[in-house]
Structures are given as C-alpha cells and as structure tokens.
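Accompanying notes for the structure given below.
The values are calculated or read from the model by the stated rules, or taken from the named source; none is laboratory data. Keep in mind that this is a model prediction, so the values were computed, not measured. All Cβ positions, even for glycine, are placed from backbone atoms using ideal geometry, and neighbour counts span all protein chains on display. Remember, those area values only see protein heavy atoms, side chains included, never the ligands or the DNA or RNA. Shrake-Rupley method; radii C 1.70, N 1.55, O 1.52, S 1.80 Å.
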Amino acid sequence: MPQSLIRNYIHITFSTKNRFPFIIGDIEPEIHNYIGGICKKLECNPIIVGGHFDHVHLLCLLSQKIALMNLIQKIKSNSSSWIKTKSQDLFNFYWQDGYGAFSVNPSEIEIVKNYIEKQHEHHKTKTFKEEYLSFLKKYEVEYDEKYIWD
C-alpha cells in the first residue's frame, strides 16, 4: 500500500503529583488552552481539553508523526515548566509520572467530549482515583494498584 492512512482518537488522562489540587481559578482554562496548543504544534488535533482541580482529560486525534508516549512527555514537561512561571504558589507543581490513554471509537467522540465538558459536575460525587480505576476496568487494563499512584 503506497499511502499510510491513520485516524486514531485518543482519550488521555493524568493527574497532578499526589493529586494535589493545583488546577484552580484562572489557571484552569489557561492550562487547558496551553495543553491544546502543545497538541496543535505537534499536529495532534485537540478536540477538547478539560479536567478538574487535580487532573486533566484530553481528547485528540493522534498524529502519525509522533508516538503517544512522546506526545504525553512533551505535554507534561512543557506545561509543567510553563505553569511554574504563572505564580509562586505553583512553584511545586508536578504531574504524576504515569497516565491513562484509551482509544476512542469515532462514533463515540461526542460522548467522550460531553464527559470531559462535565468534569466539575462529575467530580461532585467521584474522585479522580475512582474515575481512573473505572476507566481501567472499562478498558480491561490489568494493573497493580500499588504502581499507579504517586
């Protein structure tokens, strides 16, 4: 086949180190926009970036030019460096080491987008830990819980 045709929608989620609630107030939309900008620069079309006080969700179209782990490394390192310049209160900001990344069927893009849009409402009753564990169960990911939290 002479041409490579790829269309991989990815739902990525990761938290702040120890789920510390750094992402509050005006910094929340700024960090979401900044992460979206990193994705655009890397040709990974961001569909939506959202989250809550201690984590983010990103739905994007993964470019064929970058490996998923490289995309996440660039998102985390660049956004972490940037956010620390925004306030002295954010000097100790870090992302957790790991992440979750789940493929999304094109027919479910609107469902995932809606889920990400409603993070604040959703987290009135569920913590990020509970949410993340439910994703692992839904996607049948095997894990040892002592290695997924930091």
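At a Förster distance of 22 Å, what's the computed FRET efficiency of Glu130 paired with Phe91, Cβ-Cβ distance as r, to 0.05? Once rounded, the FRET efficiency stands at 0.15.
Surface composition of region 72-122: carbon and sulfur make up 46 percent of the accessible area, probe 1.4 Å.
Computed with a 1.4 Å probe over protein heavy atoms only, the accessible surface of region 20-106 comes to 51 Å² per residue. Build a GNM of the chain with springs between Cα atoms under 10 Å apart, and of Asp97, Asp54, Asp26 the one that fluctuates most is Asp26. What number comes out for the charge environment of Ser63, summing +1 per Lys or Arg and -1 per Asp or Glu over other residues with Cβ under 15 Å away? Value of the local net charge: +4. Taking amide H as placed 1.01 Å from N in the peptide plane, the amide H of Ile48 sits under 5 Å from that of Leu59, each at least 5 places away or on another chain. Dimensions of region 77-150 from C-alpha coordinates, computed as largest minus smallest value along each principal axis and given longest first, are 41, 31, 26 Å. So, counting K/R as plus one and D/E as minus one, what does the shell of residues with Cβ under 12 Å around Ile38 add up to? Once all neighbours under 12 Å are counted, the net charge is +3.
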